[in-house]
């Protein structure tokens, strides 16, 4: 092989290697951005549920103090809140697993 051919092959190899490295770096950047977006989604979703958790805990404490006349309605309200809360938590969990 002539020196010109070896130089040309070397130049082509370096060019392709550079393209592969650039594409791989972009992929790593996209992966990091996706992980950040996922983390931001998780943090936002969880932070939105924390006040609901506190409200349910408060209602639970109130439930202990209620007489029979108000107990059934308060219990039904709390059961509805718990079901909605569980649904929201399960939704977050499934989205996290999907990523």
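Just so it is clear, none of the values below were taken in a lab; they were calculated from the coordinates. Quantities reported herein were computed from a predicted structural model and do not represent experimental measurements. Because the Cβ atoms are built from the backbone with ideal geometry, glycine has one as well, and the counts that use them run over all protein chains shown.
Just to be sure I follow: if Rg is taken over the C-alpha atoms of segment 6-49 and Rh is the Kirkwood radius over the same atoms, what is Rg/Rh?
1.47
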Where labels lie 7 Å past Cα in the beta-carbon direction, separation of residue 6 and residue 76 in nm:
9.0
The distance between the Cα centres of segment 1-26 and segment 52-76, in whole Å, is 71
On the principal axes of its Cα set, how long, how wide and how thick is segment 3-98? Give whole Å, largest value first.
98, 16, 11
